[in-house]
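Okay, structure first, notes after.
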Amino acid sequence: MITIDGSYGEGGGQILRTSIALSAITGEPVRIINIRANRPNPGLRPQHLHGILALKQLTNAEVRGAQVGSRELVFIPRKLEAKRINVEIGTAGSITLVLQALLPAMAFANDKVEFRITGGTDVPWSPPVDYLSNVTMFALSKLGIKGEVNIERRGHYPKGGGIVTGYMEPWKERKELKAKRYNKIIKIRGISHSTNLPSHVAERQAKAAKEELEKLNVPIDIKTEVSRSIGPGSGIVVWAETDCLRLGGDALGKRGKPAEVVGKEAAQELLEQLKSGNCVDKFLGDQLIPFLAFSGGEIWVAEITNHLITNVWVVENFLGKVFDVDGKVGEPGKVKVVRRVEG
């Protein structure tokens, strides 16, 4: 049994998500200690717990320590089988963080896996679902992975109530990914949304983002979406379609924060990611790590983050030396697969 220290590096929930996903893929039992030790409220939170329970369903695993607040967990997988996964977080816990645990494992199932998850679609400290469906899934398609992530209903903090559905096909053809420098930005796209709020909120967010991004001198298409759910909220995700991959930026609205500020924030974040000329934004970099170990390749990132370094450490605890990371945290850098894992 592999033991993973959850206090390593950034010491957050990502260690848990990647560890359980790799346990499911490899069949190797894992014990995780000091879960989220570096967070103000350490231990399992609802979205972490539900990611574990979803992977328990997928692998018929034996699990010990699966309760909110637990700081130690044992996960003993059995057979990874295709199933229809239903996850009800029951709070505004992040749906995308549950999917970060599920996506790698689903790709290794023996047949198509369908899922339905309720919780938060657009909540602080996690990727918005629009980013996952338009940036992350696009990058995964370049690796040969086929799947979809669809928003049925928005769910904002603190009430949640969002619904996300989708599927993942078995990963049959593993394509090496070489994503170094982009040569041109083809266009900017985005989604600006408001829920249980006047339509002008989404429109003002989109307008402010577009004005900020016009300096790139490329076509811009930011759609607006107005919807109803169990609580109010707004946000915007913008992404640049390059001749390589997509890079993104996002921002969330909150009470007292003008819509114009929200739109401008998302646009400025995207501009920051584009600045280095590297193909992979800082958010996508760490998300790709578990997949790259099996596909092979090399990515150049706009910024090496603690999340990326931590994910590399977790992967190599399971699979041995896989990556060569060139660069310092907080700066642009390169990640190369030096030994592709067959599995």
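The values are calculated or read from the model by the stated rules, or taken from the named source; none is laboratory data. As the structure is a computational prediction, the values presented were derived from the model and not from experiment. In this analysis, Cβ positions are derived from the backbone assuming ideal geometry, glycine residues included, and neighbour counts consider all displayed protein chains.
Annotations
- Scope the stretch 210-228; condition surrounded by 16 or more Cβ atoms within 10 Å (Cβ to Cβ) and in contact with a Lys or Arg (Cβ under 7 Å, 6 or more places away or on another chain); matching residues: GLU212, ILE220, ILE222
- For beta carbons closer than 7 Å, sequence separation of 6+ or different chains, a first residue in the stretch 75-90 that is farther than 11 Å from LEU53 by Cβ and a second that is among the acidic types (Asp, Glu) and assigned to a loop (DSSP other than H, G, I, E, B), the qualifying pairs are ALA82/ASP111.
- Residue match in the stretch 153-169 (condition: among the aliphatic types (A, V, I, L, M), farther than 25 Å from LEU245 by Cα and not in a strand (DSSP E or B)): no
- When restricted to residues that are among the hydrophobic types (A, V, I, L, M, F, W, C) and either out of contact with any strand residue (DSSP E or B) (no Cβ under 8 Å at 6 or more places or on another chain) or assigned to a helix (DSSP H, G or I) (or both), the stretch 41-93 contains 8.
- Residues within the stretch 148-191 that are free of Cβ contacts under 8 Å to residues at least 40 places away in the same chain, over 17 Å from the mean Cα position of the chain (by Cα) and closer than 25 Å to ILE289 by Cβ, tallied: 2
- Flag: ALA101 matches the condition of being in a helix (DSSP H, G or I), surrounded by 24 or more Cβ atoms within 10 Å (Cβ to Cβ), in the same structural domain as GLN47 (by TED's automatic domain parsing) and at pLDDT below 95.
- Yes/no for ILE145 being of a type in the set (Val, Ile, Thr), within 30 Å of ASP326 (Cβ to Cβ), outside the structural domain of GLY90 (by TED's automatic domain parsing) and at pLDDT 95 or above: no
- Number of the condition not met by ILE20 [criteria: (1) in contact (Cβ under 8 Å) with a residue 60 or more places away in the chain; (2) crowded, with 24+ Cβ neighbours inside 10 Å; (3) closer than 22 Å to ILE151 by Cβ]: (3)
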